[in-house]
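**Q** Structure in structure tokens, see below.
Please treat every number below as a calculation from the coordinates, not as lab data. Bear in mind the structure is a predicted one, so any value in this text is a computation, not a measurement. Cβ atoms come from the backbone with ideal geometry, glycine included; neighbour counts cover every protein chain shown.
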2 protein chains.
Amino acid sequence: MSVIKVAILGFGTVGQGVYKTIQSHGEELTAVLGKKVEVAAVLIKNNQKEREISEEVLVTTNFGEILDLPQLDIVVEAIVDKEPTFTFLKKAIKHGCHIITANKEMFAHHGKELIELADENHVSIGFEATVAGGIPVIQTLRELLKINRVDQVQGILNGTSNFILTEMRVKKQSFAQSLLQAQLNGYAEADPTNDVEGYDAFYKTMILSRISFGEEPNWHAVEREGITSITSELIAAAEKFGLRFKHVASLTKAGNQIKASVKPVLVGQEHPFYHVEGVENAVNVHSDIVGRITLQGPGAGMFPTASAVIEDLVYVCQSHPAKRSYTGTPGGNIGQKNEDKKEYWLVQGLTKKYAAPSITWIDQAANEIFIIQTTRKEVDQLAIQQGGLVYYPILGEYETLLKDTALTALL
Amino acid sequence: MSVIKVAILGFGTVGQGVYKTIQSHGEELTAVLGKKVEVAAVLIKNNQKEREISEEVLVTTNFGEILDLPQLDIVVEAIVDKEPTFTFLKKAIKHGCHIITANKEMFAHHGKELIELADENHVSIGFEATVAGGIPVIQTLRELLKINRVDQVQGILNGTSNFILTEMRVKKQSFAQSLLQAQLNGYAEADPTNDVEGYDAFYKTMILSRISFGEEPNWHAVEREGITSITSELIAAAEKFGLRFKHVASLTKAGNQIKASVKPVLVGQEHPFYHVEGVENAVNVHSDIVGRITLQGPGAGMFPTASAVIEDLVYVCQSHPAKRSYTGTPGGNIGQKNEDKKEYWLVQGLTKKYAAPSITWIDQAANEIFIIQTTRKEVDQLAIQQGGLVYYPILGEYETLLKDTALTALL
């Protein structure tokens with residue numbers, strides 16, 4: 001039986017998960033591919049560490065040695081940084097290998113170039129593991145919604161942030177305490193900036209934009225905000241209104257414009273993200289034929305991420321051209337966004353005396369924490385007038401929510 | 001440019017949705033397939049009715065005329081009954097056409113035979129529309145989870161039942177009132193038996209079993225129960241415990257056995273189905289590498305179902321062998337189910353005097369409505385001893401739920 005030879009770059013959590021899964025699921029891989037899948041090489045950084053890798057596998061710190069192997073079909077990349085990863089993958093593609101990556105930062109920056117290079121070299125690229133771990137969201141957009149015109153994608157894409165927000169609410173803890181818990185559980189790095197400031201979710205959002213709309217918004221025009229501004233006080237105030245904070249990535253196509261933001265928002269019980277708790281991820285896709293579908297599942301972890309890589313391994317072997325679907329369908333048009341539309345906001349630091357005729361006061365949760373209804377423009381303006389003002393949009397139809405609660409009485 | 005010629009059998013809600021979508025999404029279909037997709041014929045039952053169909057399309061009550069067309073590539077079947085549909089589709093396959101069906105009852109009965117026939121004739125079959133409407137659950141199982149060994153599938157597969165249960169709870173209405181509302185909204189037929197007695201969900205469950213495990217359980221061994229036994233009183237009692245009734249199809253692979261049931265169960269807030277309301281469908285797949293993922297979305301309706309058919313249209317054109325993945329991966333083994341395991345049940349009609357040492361009394365919601373903890377065997381035994389006893393299992397870890405509620409104090 002012929003053999004498919006795989007190299008794994010990086011032997012951290014993801015690399016190890018992929019290695020173990022290729023061992024444990026050899027039978028399934030052979031059944032589907034008609035060939036045996038073998039790990040031929042593992043690229044490591046530190047050759048002093050003990051690792052549980054079979055003796056037949058080349059374990060090396062030198063990528064050149066891997067490319068020199070007599071046969072190499074697929075390179076799985078599970079490193080973190082942009083470089084030297086990007087350089088390695090370009091070499092692998094030129095060498096004729098399919099590539100699979102779990103590296104969102106690298107792929108958000110260089111995905112387009114890699115796709116084009118792969119296309120020139122008639123190899124394929126799998127990148128399911130870059131977004132939402134084991135949830136097959138990339139493949140759903142790439143392979144299952146080919147005719148549907150996607151016009152909106154929303155996602156809880158950073159499990160660490162979602163875990164912290166859940167802990168803060170459920171245990172009535174501070175951000176710092178909850179971050180520490182996330183670090184103790186292995187969900188957050190020693191330096192959590194990438195997660196809690198929204199960079200990780202931002203990169204994933206750019207990858208989702210390209211797969212959904214064939215292009216990305218101007219990176220500098222994307223609102224990116226993490227969860228560090230959210231206090232226990234704000235969470236408690238939101239809860240009084242039946243609202244929860246979620247860190248949500250949002251992509252909307254209106255005409256030829258892509259509007260993107262990655263920031264904390266509030267959602268009510270009717271929103272599918274209200275119940276997405278802990279390290280779970282969820283992605284909500286709206287398209288013109290099917291309407292709204294939501295995918296939810298484990299967004300990170302050794303095996304969920306390995307699952308995405310292993311399923312990609314089948315995908316790239318079944319000769320899917322790299323470019324196919326990556327450029328997206330023509331894209332939907334949900335109409336120009338009305339900047340004058342009144343939305344609902346939870347604001348902190350605002351007193352009644354700042355009220356303008358264009359603001360409707362909906363309710364008060366605590367001292368200086370209000371729900372107001374006004375335009376984006378107006379609330380931005382208020383924030384300029386008054387330093388220290390924080391404000392978060394409320395997603396969905398807050399009216400519906402209000403009808404269902406005793407709060408209505410207060411209006 | 002070459003053309004793909006399609007015949008639509010049946011011009012009810014689904015048939016019309018498919019027809020309209022082929023017209024509205026011609027550009028996308030051409031972009032993806034490199035060919036123009038044209039509706040060549042529509043099979044109707046009653047040729048007296050006015051229909052909005054282009055004059056170039058053959059509209060006929062005679063299937064033979066459709067097969068006599070000079071070119072025919074795909075037959076989309078959107079009829080309800082098993083016959084003459086099955087006969088038509090066999091003829092279409094032998095004629096060399098790919099087929100796409102939305103007919104769960106027919107496909108549950110004859111899917112295996114059609115797949116085999118299609119395989120012999122080198123054509124492909126799409127059946128995404130048979131289960132969960134627009135949610136791409138069949139393709140997720142068929143194409144995206146090829147290496148994962150699925151060991152459990154749970155689903156809310158009948159939107160009508162879910163709508164009725166939601167109405168009963170939210171509006172505190174009777175079953176009859178809620179059924180009427182479902183009929184007024186067009187969600188339920190004049191004769192609702194198929195939906196409310198669980199037959200519709202049963203057929204979908206059998207299709208899911210085949211795609212997940214490559215085989216079906218013995219149909220006669222499957223517990224099938226509809227929602228007609230559920231009263232407002234039971235719903236109110238369940239709500240006191242933080243539980244909701246959901247009509248859930250459940251498939252579990254344990255060893256070589258497939259255990260299946262389609263029946264009302266109770267779920268707590270931690271279960272992903274707790275928040276699936278109204279006509280929405282949801283499917284929850286557990287597999288060994290990725291863990292648990294949930295897909296949620298519109299389970300029926302003109303365009304959600306048309307979406308499933310149109311995406312299948314691309315799938316069958318891209319020459320996927322019919323048999324591929326339909327036989328499933330080797331299948332997981334979550335270990336023999338322990339029949340002696342104590343589970344939680346909501347029971348009505350039981351008084352304390354029937355208590356056996358093997359029953360733990362957890363709580364009481366109303367007169368003769370209790371939550372108990374005992375084995376399946378024991379509760380079956382009780383029902384034999386005492387006529388009129390009704391009992392529903394509580395899914396998930398009820399212990400966790402209890403910890404979070406004031407109920408704990410009562411234990």
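**Q** Beyond 20 Å, how much of the Cα-Cα pair distribution for the range A:1-147 remains, as a whole percent?
**A** Values: 5180 of 10731 pairs.
Here the tail beyond 20 Å accounts for 48 percent of pairs.
**Q** Moving on to the next point. Treat the count of other C-beta atoms within 10 Å as a stand-in for reagent exposure and order A:Thr305, A:Thr374 from fewest to most. Don't jump to the answer; show the numbers that get you there.
**A** Numbers: A:Thr305 28, A:Thr374 22.
Listing A:Thr305, A:Thr374 from fewest to most nearby Cβ atoms yields A:Thr374, A:Thr305.
**Q** With the contact rule set at Cα under 8 Å and sequence spacing of 6 or more, what percent relative contact order holds for chain A?
**A** On the way: 839 pairs, mean separation 73.0, N = 411.
Relative contact order for chain A comes out at 18 percent.
**Q** Next up: So for B:Glu143, A:Glu56, A:Glu27, fewest C-beta neighbours within 10 Å to most, what's the order?
**A** A:Glu56, A:Glu27, B:Glu143
**Q** Now a separate question. List the distances, in nm and shortest first, from the label point of A:Ser229 to the matching label points in every other copy, placing each point 7 Å from Cα along the Cα-to-Cβ direction.
**A** 5.4
**Q** For chain A, what is the calculated [θ] at 222 nm in deg cm²/dmol (nearest 500), taking -39500 (n - 2.57) for each run of four or more DSSP H residues and dividing by its residue count? Spell out each step's value before the answer.
**A** Working: 13 runs with 134 residues, N = 411.
Helix-only estimate at 222 nm: -9500 deg cm²/dmol.
**Q** Calculate I(q)/I(0) for the protein assembly as shown by the Debye formula, one identical point scatterer on each C-alpha and no solvent, and give its log10 at q = 0.06 Å⁻¹ to two decimals.
**A** -0.41
**Q** How do A:Trp361, B:Trp345 line up, fewest other C-beta atoms within 10 Å first? It would help to have the intermediate numbers written out before the result.
**A** On the way: A:Trp361 14, B:Trp345 24.
So the ranking, lowest neighbour count to highest, is A:Trp361, B:Trp345.
**Q** Using +1 on the beta carbon of Lys and Arg, -1 on that of Asp and Glu, and nothing else charged, what's the dipole of the protein assembly as shown about the Cα centre, debye to 20? Show your work: numbers first, answer last.
**A** Details: 78 positive and 98 negative charges, 105 e Å.
Magnitude of the dipole: close to 500 debye.
**Q** Along each of its three principal axes, how wide is the spread of alpha-carbon positions in the range B:148-298, in whole angstrom units, largest first?
**A** The Cα atoms of the range B:148-298 stretch 43, 32, 25 Å along the principal axes, largest first.
**Q** Could you derive backbone 3J(HN,Hα) for the range A:35-49 from the dihedral phi with the Karplus parameters 6.51, -1.76 and 1.60 (θ = phi - 60°), listing whole Hz in sequence and x where the residue is Gly or Pro?
**A** Going residue by residue, I get 9, 7, 9, 10, 7, 8, 8, 10, 8, 10, 9, 10, 8, 8, 6 Hz, with x marking Gly and Pro.
**Q** Right, something else. Cβ under 10 Å from A:Tyr274's Cβ, A:Tyr274 left aside: what net charge do those residues give with Lys, Arg +1 and Asp, Glu -1?
**A** Numbers: positive: A:Arg244, A:Lys246; negative: A:Glu270, A:Glu277.
Once all neighbours under 10 Å are counted, the net charge is 0.
**Q** Can you give me the long-range amide H partners of B:Leu58? Hydrogens built in the peptide plane at 1.01 Å from N, cutoff under 5 Å, separation of 5 or more residues or another chain.
**A** Those lying under 5 Å, H to H, from B:Leu58 are B:Ala41, B:Val42.
**Q** Can you pick out the pairs among A:Lys240/B:Lys259; B:Lys90/B:Lys146; A:Lys112/A:Lys263; A:Lys20/B:Lys35 whose Cα atoms lie more than 32 Å from each other?
**A** On the way: A:Lys240/B:Lys259 43 Å; B:Lys90/B:Lys146 28 Å; A:Lys112/A:Lys263 25 Å; A:Lys20/B:Lys35 43 Å.
Those over the limit are A:Lys240/B:Lys259; A:Lys20/B:Lys35.
**Q** Specify the residue with the greatest mean-square fluctuation among A:Gly134, A:Gly26, A:Gly126, computed from a Gaussian network of chain A linking alpha-carbon atoms under 10 Å apart.
**A** The residue that fluctuates most here is A:Gly26.
**Q** Turning to a different aspect of this structure: List the residues whose amide H sits under 5 Å from the amide H of B:Arg224, counting only those 5 or more places along or on another chain, with H placed 1.01 Å from N in the peptide plane.
**A** Residues meeting the amide H criterion: B:Val262.
**Q** Oh, and also: Describe numerically, in nm with one decimal, the distance between label points set 7 Å from Cα along Cα→Cβ at B:Gln23 and at A:Asn256.
**A** Going by the 7 Å Cα→Cβ label model, 2.9 nm.
**Q** Find the centroid of the Cα atoms in the range A:100-150 and in the range B:34-71, then give the distance between the two in whole Å.
**A** 39 Å
**Q** Which whole-angstrom value gives the distance between the alpha carbon centres of the range B:184-261 and the range A:274-316?
**A** Result: 25 Å between the Cα centres.
**Q** Trypsin sites (Lys or Arg not before Pro) within the range A:101-181: which are DSSP loop residues with at most 16 other Cβ atoms inside 10 Å? Could the numbers behind the result be given before it?
**A** On the way: sites: A:Lys104, A:Lys112, A:Arg142, A:Lys146, A:Arg149, A:Arg169, A:Lys171, A:Lys172; in loops: A:Lys146, A:Arg149, A:Lys171, A:Lys172.
In loop regions of the range A:101-181 (DSSP not H, G, I, E or B), the sparsely surrounded trypsin sites (Lys or Arg not before Pro) are A:Lys171, A:Lys172.
**Q** Quick one, could you list the DSSP H helices from chain A stretching 18 Å or more along their long axis (Cα atoms) with average Kyte-Doolittle hydropathy of 0.5 or above?
**A** Details: long enough: A:104-120 (23 Å, -0.69); A:199-213 (21 Å, 0.35); A:302-317 (23 Å, 1.27).
Counting only whole DSSP H runs, the qualifying helices are A:302-317.
**Q** Follow-up question, since we're still on this one. Show me the chymotrypsin sites (Phe, Trp or Tyr not before Pro) within the range B:1-106 that DSSP assigns to loop and that have at most 15 other Cβ atoms within 10 Å of their Cβ. Can you show the working numbers first?
**A** Working: sites: B:Phe11, B:Tyr19, B:Phe63, B:Phe86, B:Phe88; in loops: B:Phe11.
Answer in residue order: no site qualifies.
**Q** Could you list which residues have their amide H under 5 Å from that of A:Leu9, counting only those 5 or more apart in sequence or on another chain, with H placed in the peptide plane?
**A** Amide H to amide H, under 5 Å and 5 or more residues apart or across chains, A:Leu9 pairs with A:Leu43, A:Val76, A:Glu77, A:Ala78.
**Q** Per residue, how big is the convex hull around the C-alpha atoms of chain A? Give it to me in cubic angstrom, could you?
**A** On the way: hull volume 61.3 nm³, N = 411.
Normalising the Cα hull of chain A by residue number yields 149 Å³.
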